[in-house]
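Have a look at the structure below, then the notes.
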Amino acid sequence: MTLKDIKIGKSAVVTAVGGEGALRQHFLDMGVIPGAEVTVVKYAPLGDPVELLIQGYELTLRLDDAAKIVAEKREENLKFEHVRLTAEEKDEILKEYHPDRITEQFTEIKIGPNKGEKAPIELVEMLQAKPRLAPEKVDLDHVDYETDVLVIGGGGAGTAAAIMASEAGAKVLLATKLRVGDANTMMAEGGIQAADKPNDSPAQHYLDAFGGGHFDGKPELVYTLVNKAPSVIKWLNDLGVEFDKEADGTMVTTHGGGTSRKRMHACKDYSGAEIMRTLRDETFNRPDRITVVDFTAAIEIIKNDKGEAVRKDAKYGKQYLEGKYGADPYLKKIIDWGNVNA
């Protein structure tokens, strides 16, 4: 049916918009798009044009134009029930249409710790690409930075790792392609879940998290997540993160996705920004233990044929680059510190 067939006072949902060129674009610009609900308000005395209510405003169309817009009756749609699919039927549809399930979109990884596993073709091509730098042009006799721990990335995870490593006594080098804090963590509005209330436990959190992930998660990682979460919340709080609290200082916790207990810790609706602010400040407050190199992209890491990072010894690194350790030169990984070779 089309809009011209709908009775006064009745509603329908637009399923397709006809017309060509400027006319069809005119419909779309007025909000007549698939999925929009349309109600017929009245027809002119001679039956043409028709007055419609769509997306909160009134629109008048000639019947010839209204006939080009296909709609379904809302009342009938509300009563209609789709046939429920079996698990096998759902799986078949996903394999045919979902990009993460289409087998032709995946290929085998040939090198590295994930050798033999399959990943999206584009990712595998990037992982197995040739080095962006020529090995013979890397000068390992000149080392610009020496460190105990190298952290690549200046977001929430990177800064937290750098701070914890420095707390353990390590000398840390943090390299980030932009500035410290220019990261996805800044955009997080929700909160962090941790089972640290009397009516909750890591075991209950484990069931919620593992079940919420449709049991696809790695059990040992989920176990670590739920057991470390309370101590991480305390660590962040001690650093100065302003979590929401009651007047007596008790942490405010709320429900999150898939939670059976209130365990979401938040900082109003800017949790990520508050956490990142604190971690960034703490990183810069440790200049004697953490060296920050910003606007510096880590391109590649020099590895041997066992997938191990090459020792910092310049002589060994040079012999490796010259091929004396038998590795394929195209699989060598090299770090490029912007204008600095390390």
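Label separation (ASP216 vs LEU46): 6.0 nm, computed from points 7 Å beyond Cα along the C-beta direction.
What relative contact order, as a whole-number percentage, does the range 189-271 give when Cα pairs under 8 Å and 6 or more residues apart are counted? Working shown, then result.
Working: 100 pairs, mean separation 35.3, N = 83.
Here the relative contact order equals 43 percent.
For a Förster distance of 56 Å, can you work out the FRET efficiency between the beta-carbons of ASP100 and ASP248, rounded to the nearest 0.05?
Values: r = 47 Å, r/R0 = 0.83.
Given R0 = 56 Å and the Cβ-Cβ separation, E is 0.75.
In what order, largest first, do HIS82, HIS98 sit by accessible area if the probe radius is 1.4 Å? Don't skip to the end; give the middle numbers.
On the way: HIS82 145, HIS98 70 Å².
Ranked list, largest accessible area first: HIS82, HIS98.
Taking all protein chains together and rolling a 1.4 Å probe, TYR145 ends up with roughly 90 Å² accessible.
Cβ under 9 Å from VAL241's Cβ, VAL241 left aside: what net charge do those residues give with Lys, Arg +1 and Asp, Glu -1? Spell out each step's value before the answer.
On the way: positive: ARG277; negative: ASP238, GLU242, GLU274.
Residues close to VAL241 contribute a combined charge of -2.
A cut-off under 15 angstrom between Cβ atoms defines the neighbours of ASN227, and their net charge, with Lys, Arg +1 and Asp, Glu -1, is 0. With a simple spin-label model that places each label point 7 Å from the Cα along the Cα-to-Cβ direction, the separation between ALA168 and LEU239 comes to 1.5 nm.
Rounded to the nearest 0.05, what FRET efficiency do GLU58 and ARG84 give with R0 = 35 Å and r taken as the Cβ-Cβ distance? Could you check?
Working: r = 39 Å, r/R0 = 1.12.
According to the calculation, E is roughly 0.35.
The values are calculated or read from the model by the stated rules, or taken from the named source; none is laboratory data. The structure presented is a predicted model; accordingly, all values stated were derived computationally and were not measured. Note that each Cβ is placed from the backbone with ideal geometry, even for glycine, and that neighbours are counted across all protein chains shown. Areas reflect the complete protein model, heavy atoms only, side chains present, ligands, DNA and RNA absent. Shrake-Rupley method; radii C 1.70, N 1.55, O 1.52, S 1.80 Å.
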